[in-house]
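Report on the following structure.
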Amino acid sequence: METSYPKFILGNKITSEQQEFFNQHGFIHFKGFIEQETVSDIIQASEKVQQRWIDTEKTKVNGIPIKYGKDIDGSTIVQRFAFVNKHHSLFEELTKDPRFETLLDLIGPGARLGTEEKDGMVLNHYVNSSESKFTQMGWHTDGLRDIFHGQKLNPMLNVGIHLSTLKPENGGLRVLPGTHKQSLYQMLFRKKYFLDNKADHAEIAIAPSAGDLTIHDGRLWHRVAQSSVIGEESRRRVIYVPIIAGKYEPKNENSPTAFYQRFAGLVK
(Lines give C-alpha, C1' and ligand atoms only; values in the text may rest on other atoms or scores of the structure.)
Protein backbone atom coordinates (compact mmCIF):
# COMPACT_ATOMS: atom_id res chain seq x y z
CA MET A 1 0.00 0.00 0.00
CA GLU A 2 1.49 3.29 -1.14
CA THR A 3 1.20 6.29 1.19
CA SER A 4 3.49 8.86 -0.45
CA TYR A 5 2.23 11.12 -3.23
CA PRO A 6 2.52 14.86 -3.95
CA LYS A 7 0.33 17.24 -1.92
CA PHE A 8 -0.52 20.71 -3.16
CA ILE A 9 -1.64 24.12 -1.91
CA LEU A 10 -4.89 25.51 -3.36
CA GLY A 11 -4.49 29.06 -4.61
CA ASN A 12 -6.85 31.24 -6.64
CA LYS A 13 -6.52 29.00 -9.70
CA ILE A 14 -5.75 25.38 -10.57
CA THR A 15 -2.18 25.24 -11.83
CA SER A 16 -1.17 23.22 -14.88
CA GLU A 17 0.81 20.87 -12.60
CA GLN A 18 -2.26 20.28 -10.41
CA GLN A 19 -4.53 19.72 -13.43
CA GLU A 20 -2.06 17.30 -14.98
CA PHE A 21 -1.72 15.29 -11.74
CA PHE A 22 -5.50 15.12 -11.34
CA ASN A 23 -6.09 14.15 -14.98
CA GLN A 24 -3.56 11.32 -14.72
CA HIS A 25 -4.43 9.88 -11.30
CA GLY A 26 -8.08 10.87 -10.72
CA PHE A 27 -7.43 12.37 -7.29
CA ILE A 28 -5.62 15.33 -5.69
CA HIS A 29 -4.78 16.39 -2.13
CA PHE A 30 -4.61 20.02 -0.96
CA LYS A 31 -3.04 20.84 2.41
CA GLY A 32 -4.54 23.24 4.96
CA PHE A 33 -7.84 24.18 3.31
CA ILE A 34 -9.41 25.23 6.64
CA GLU A 35 -7.92 26.29 9.99
CA GLN A 36 -7.97 24.09 13.11
CA GLU A 37 -10.35 26.53 14.81
CA THR A 38 -12.82 26.08 11.94
CA VAL A 39 -12.46 22.29 12.21
CA SER A 40 -13.46 22.50 15.90
CA ASP A 41 -16.40 24.81 15.11
CA ILE A 42 -17.64 22.39 12.43
CA ILE A 43 -17.49 19.41 14.80
CA GLN A 44 -19.45 21.37 17.43
CA ALA A 45 -22.05 22.35 14.81
CA SER A 46 -22.43 18.70 13.76
CA GLU A 47 -23.05 17.71 17.38
CA LYS A 48 -25.87 20.27 17.60
CA VAL A 49 -27.48 18.89 14.43
CA GLN A 50 -27.01 15.37 15.78
CA GLN A 51 -28.79 16.18 19.04
CA ARG A 52 -31.69 17.82 17.19
CA TRP A 53 -32.12 14.79 14.89
CA ILE A 54 -31.95 12.34 17.79
CA ASP A 55 -34.47 14.40 19.81
CA THR A 56 -36.92 14.57 16.90
CA GLU A 57 -36.25 10.94 15.80
CA LYS A 58 -35.53 12.13 12.28
CA THR A 59 -35.04 9.25 9.84
CA LYS A 60 -34.49 10.88 6.44
CA VAL A 61 -33.29 14.14 4.93
CA ASN A 62 -34.62 14.91 1.43
CA GLY A 63 -35.32 11.21 0.94
CA ILE A 64 -31.81 10.15 2.08
CA PRO A 65 -31.81 7.80 5.11
CA ILE A 66 -29.87 9.06 8.13
CA LYS A 67 -27.37 6.48 9.36
CA TYR A 68 -27.43 6.18 13.15
CA GLY A 69 -24.97 4.18 15.21
CA LYS A 70 -23.42 3.87 18.65
CA ASP A 71 -20.49 5.73 20.09
CA ILE A 72 -17.73 4.15 22.19
CA ASP A 73 -19.83 4.64 25.34
CA GLY A 74 -22.92 3.09 23.73
CA SER A 75 -24.75 6.42 23.23
CA THR A 76 -26.58 7.07 19.95
CA ILE A 77 -24.79 9.13 17.32
CA VAL A 78 -25.42 10.09 13.71
CA GLN A 79 -22.77 8.42 11.57
CA ARG A 80 -23.87 9.80 8.20
CA PHE A 81 -25.47 13.24 7.87
CA ALA A 82 -26.92 14.01 4.41
CA PHE A 83 -27.66 17.62 3.39
CA VAL A 84 -26.03 18.86 6.60
CA ASN A 85 -25.63 22.24 4.87
CA LYS A 86 -29.42 22.65 5.19
CA HIS A 87 -29.39 22.07 8.94
CA HIS A 88 -26.78 24.48 10.29
CA SER A 89 -25.66 27.89 9.03
CA LEU A 90 -21.95 27.09 9.48
CA PHE A 91 -22.11 24.33 6.84
CA GLU A 92 -24.06 26.62 4.51
CA GLU A 93 -21.36 29.29 4.94
CA LEU A 94 -18.67 26.72 4.19
CA THR A 95 -20.27 25.91 0.81
CA LYS A 96 -19.91 29.60 -0.12
CA ASP A 97 -16.11 29.59 0.25
CA PRO A 98 -14.88 31.17 -3.03
CA ARG A 99 -12.20 28.52 -3.40
CA PHE A 100 -14.90 26.03 -4.37
CA GLU A 101 -15.36 28.13 -7.52
CA THR A 102 -11.68 27.51 -8.27
CA LEU A 103 -12.18 23.76 -7.90
CA LEU A 104 -14.92 23.80 -10.55
CA ASP A 105 -12.17 24.32 -13.13
CA LEU A 106 -11.14 20.68 -12.66
CA ILE A 107 -14.26 19.72 -14.63
CA GLY A 108 -14.65 22.89 -16.68
CA PRO A 109 -17.65 24.84 -18.00
CA GLY A 110 -21.05 23.91 -16.58
CA ALA A 111 -19.72 22.52 -13.29
CA ARG A 112 -21.38 23.43 -9.99
CA LEU A 113 -21.22 22.55 -6.32
CA GLY A 114 -23.99 20.01 -5.64
CA THR A 115 -25.31 21.48 -2.41
CA GLU A 116 -28.96 20.95 -3.48
CA GLU A 117 -28.51 17.68 -5.38
CA LYS A 118 -27.62 14.01 -4.79
CA ASP A 119 -26.93 13.87 -0.99
CA GLY A 120 -25.88 17.52 -0.68
CA MET A 121 -23.07 18.14 1.78
CA VAL A 122 -22.51 14.89 3.71
CA LEU A 123 -20.68 14.49 7.00
CA ASN A 124 -19.45 11.00 7.84
CA HIS A 125 -18.47 10.13 11.42
CA TYR A 126 -16.60 6.84 11.73
CA VAL A 127 -15.64 5.19 14.99
CA ASN A 128 -14.31 1.67 15.44
CA SER A 129 -15.97 0.17 18.50
CA SER A 130 -17.89 -2.98 19.30
CA GLU A 131 -21.17 -1.07 18.89
CA SER A 132 -20.39 0.90 15.74
CA LYS A 133 -22.18 0.03 12.51
CA PHE A 134 -20.12 2.41 10.38
CA THR A 135 -16.47 1.42 10.41
CA GLN A 136 -15.64 0.86 6.75
CA MET A 137 -17.04 1.02 3.23
CA GLY A 138 -16.29 -1.50 0.50
CA TRP A 139 -14.93 -0.75 -2.96
CA HIS A 140 -17.22 1.39 -5.12
CA THR A 141 -17.38 4.23 -7.61
CA ASP A 142 -19.60 7.26 -7.09
CA GLY A 143 -20.69 7.18 -10.72
CA LEU A 144 -22.79 4.04 -10.26
CA ARG A 145 -25.77 6.02 -8.93
CA ASP A 146 -26.19 7.78 -12.31
CA ILE A 147 -26.41 4.36 -13.95
CA PHE A 148 -28.94 3.26 -11.29
CA HIS A 149 -31.03 6.29 -12.20
CA GLY A 150 -30.84 5.40 -15.90
CA GLN A 151 -28.81 8.51 -16.66
CA LYS A 152 -25.72 8.95 -18.74
CA LEU A 153 -22.53 9.17 -16.73
CA ASN A 154 -22.02 12.88 -16.14
CA PRO A 155 -18.75 14.26 -14.78
CA MET A 156 -18.73 14.24 -10.97
CA LEU A 157 -16.02 14.93 -8.44
CA ASN A 158 -16.23 14.23 -4.73
CA VAL A 159 -14.63 16.92 -2.58
CA GLY A 160 -13.56 15.77 0.90
CA ILE A 161 -12.87 18.19 3.76
CA HIS A 162 -11.08 16.21 6.43
CA LEU A 163 -11.79 16.97 10.09
CA SER A 164 -9.40 14.37 11.53
CA THR A 165 -5.65 13.76 11.22
CA LEU A 166 -5.09 10.21 10.00
CA LYS A 167 -2.25 7.76 9.73
CA PRO A 168 -2.73 4.70 7.47
CA GLU A 169 -3.56 2.56 10.53
CA ASN A 170 -6.52 4.87 11.22
CA GLY A 171 -8.19 3.57 8.08
CA GLY A 172 -9.85 6.08 5.79
CA LEU A 173 -9.91 6.70 2.05
CA ARG A 174 -8.11 4.30 -0.28
CA VAL A 175 -8.04 4.98 -4.03
CA LEU A 176 -6.99 3.05 -7.14
CA PRO A 177 -5.24 5.75 -9.17
CA GLY A 178 -6.03 5.97 -12.86
CA THR A 179 -9.21 3.88 -12.69
CA HIS A 180 -11.30 6.95 -13.61
CA LYS A 181 -10.22 6.21 -17.20
CA GLN A 182 -11.59 2.65 -17.18
CA SER A 183 -14.24 1.22 -19.48
CA LEU A 184 -17.89 1.07 -18.38
CA TYR A 185 -17.53 -2.71 -18.01
CA GLN A 186 -14.61 -2.27 -15.59
CA MET A 187 -16.53 0.39 -13.72
CA LEU A 188 -19.39 -2.04 -13.19
CA PHE A 189 -17.52 -5.30 -12.60
CA ARG A 190 -13.90 -4.65 -11.54
CA LYS A 191 -14.90 -5.25 -7.88
CA LYS A 192 -18.01 -6.38 -6.03
CA TYR A 193 -19.65 -3.11 -5.10
CA PHE A 194 -19.57 -2.46 -1.32
CA LEU A 195 -19.13 -6.18 -0.53
CA ASP A 196 -15.40 -6.30 -1.33
CA ASN A 197 -13.33 -4.70 1.46
CA LYS A 198 -10.00 -6.32 0.63
CA ALA A 199 -6.87 -4.22 0.22
CA ASP A 200 -5.60 -3.91 -3.37
CA HIS A 201 -1.84 -4.00 -4.08
CA ALA A 202 -2.25 -0.89 -6.28
CA GLU A 203 -4.23 1.20 -3.78
CA ILE A 204 -2.99 4.47 -2.30
CA ALA A 205 -3.84 5.43 1.29
CA ILE A 206 -4.98 9.03 1.63
CA ALA A 207 -3.60 10.19 4.99
CA PRO A 208 -4.81 13.76 5.58
CA SER A 209 -4.27 16.19 8.42
CA ALA A 210 -7.36 17.85 9.91
CA GLY A 211 -8.23 20.77 7.63
CA ASP A 212 -6.95 19.20 4.39
CA LEU A 213 -9.07 18.88 1.26
CA THR A 214 -9.03 16.01 -1.22
CA ILE A 215 -10.86 15.47 -4.50
CA HIS A 216 -11.48 12.23 -6.34
CA ASP A 217 -13.18 11.60 -9.66
CA GLY A 218 -16.59 9.90 -9.36
CA ARG A 219 -15.47 7.13 -11.71
CA LEU A 220 -12.44 6.26 -9.58
CA TRP A 221 -12.58 3.00 -7.61
CA HIS A 222 -12.18 3.74 -3.89
CA ARG A 223 -13.05 2.36 -0.47
CA VAL A 224 -12.97 3.43 3.17
CA ALA A 225 -10.65 1.15 5.12
CA GLN A 226 -11.47 0.09 8.65
CA SER A 227 -9.25 1.47 11.39
CA SER A 228 -6.88 -1.07 12.87
CA VAL A 229 -7.08 0.85 16.15
CA ILE A 230 -10.19 0.91 18.29
CA GLY A 231 -11.84 3.40 20.62
CA GLU A 232 -11.30 7.16 20.66
CA GLU A 233 -8.13 6.96 18.57
CA SER A 234 -10.19 5.50 15.70
CA ARG A 235 -12.64 8.44 15.51
CA ARG A 236 -12.61 10.23 12.18
CA ARG A 237 -14.89 12.73 10.55
CA VAL A 238 -14.96 13.88 6.95
CA ILE A 239 -17.27 16.13 4.93
CA TYR A 240 -18.06 15.33 1.29
CA VAL A 241 -19.75 17.58 -1.24
CA PRO A 242 -20.02 16.79 -4.97
CA ILE A 243 -18.99 18.90 -7.92
CA ILE A 244 -21.33 17.96 -10.75
CA ALA A 245 -22.32 18.82 -14.31
CA GLY A 246 -25.33 17.93 -16.43
CA LYS A 247 -29.02 18.40 -15.67
CA TYR A 248 -29.85 20.28 -12.46
CA GLU A 249 -31.83 17.95 -10.17
CA PRO A 250 -32.40 19.48 -6.73
CA LYS A 251 -33.80 17.41 -3.87
CA ASN A 252 -36.41 18.44 -1.29
CA GLU A 253 -38.20 16.89 1.70
CA ASN A 254 -40.64 15.13 -0.66
CA SER A 255 -37.88 13.45 -2.68
CA PRO A 256 -38.22 9.65 -2.80
CA THR A 257 -35.65 7.25 -1.37
CA ALA A 258 -33.64 5.80 -4.25
CA PHE A 259 -33.83 2.04 -4.81
CA TYR A 260 -30.15 1.42 -4.04
CA GLN A 261 -30.36 3.41 -0.79
CA ARG A 262 -32.74 0.82 0.64
CA PHE A 263 -29.77 -1.53 0.81
CA ALA A 264 -27.74 0.82 3.00
CA GLY A 265 -27.40 -2.03 5.50
CA LEU A 266 -24.82 -3.59 3.17
CA VAL A 267 -22.58 -0.59 3.78
CA LYS A 268 -20.91 -0.71 7.18
Within the range 1-104, which strands (runs of 3 or more DSSP E) (wholly inside it) include 3 or more residues that are without any contact (Cβ under 8 Å) to a residue 24 or more places away in the chain and more than 20 Å from the chain's Cα centre (by Cα)?
none
Regarding Glu47, is this residue within 25 Å of Phe83 (Cβ to Cβ) and either modelled with pLDDT under 95 or not basic (Lys, Arg) (or both)?
yes
Which residue is nearest to Glu233 (Cα to Cα), if the candidates are limited to the range 41-65 and must be in contact with a helix residue (DSSP H, G or I) (Cβ under 7 Å, 6 or more places away or on another chain) and surrounded by fewer than 18 Cβ atoms within 10 Å (Cβ to Cβ)?
Asp41
Residues (acidic (Asp, Glu) and either modelled with pLDDT of 90 or more or not in a loop (DSSP other than H, G, I, E, B) (or both)) located in the range 139-172:
Asp146, Glu169
Within the range 219-236, residues being in a loop (DSSP other than H, G, I, E, B), at pLDDT 90 or above and more than 27 Å from Glu37 (Cβ to Cβ) number 2
Looking at Phe33, Phe21, can you tell me which residue is under 22 Å from Arg235 (Cβ atoms), surrounded by 13 or more Cβ atoms within 10 Å (Cβ to Cβ) and in contact with a strand residue (DSSP E or B) (Cβ under 7 Å, 6 or more places away or on another chain)?
Phe33
Check whether at least one residue in the range 96-109 is surrounded by fewer than 18 Cβ atoms within 10 Å (Cβ to Cβ), over 23 Å from Lys247 (Cβ atoms) and touching a Phe, Trp or Tyr at 6+ places or on another chain (Cβ under 8 Å), and report yes or no.
yes
Just to be sure before I move on: is Pro250 at pLDDT 90 or above, surrounded by fewer than 17 Cβ atoms within 10 Å (Cβ to Cβ) and not acidic (Asp, Glu) in the structure I sent?
yes
Checking Thr38 against (1) β-branched (Val, Ile, Thr); (2) closer than 23 Å to Thr135 by Cβ; (3) surrounded by 14 or more Cβ atoms within 10 Å (Cβ to Cβ), which test does it fail?
(2)
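Okay, residues lined up against (1) closer than 21 Å to Phe91 by Cβ; (2) at pLDDT below 90; (3) crowded, with 19+ Cβ neighbours inside 10 Å:
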{"position": "Arg190", "(1), (2), (3)": "no, yes, no"}
{"position": "Asp196", "(1), (2), (3)": "no, yes, no"}
{"position": "Gly211", "(1), (2), (3)": "yes, no, yes"}
{"position": "Asp217", "(1), (2), (3)": "no, no, yes"}
{"position": "Val238", "(1), (2), (3)": "yes, no, yes"}
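The values are calculated or read from the model by the stated rules, or taken from the named source; none is laboratory data. Owing to the predicted nature of the structure, the values given are computational and were not obtained by experimental measurement. Here Cβ is always computed from backbone atoms with ideal geometry, including for glycine, and neighbour counts include all displayed protein chains.
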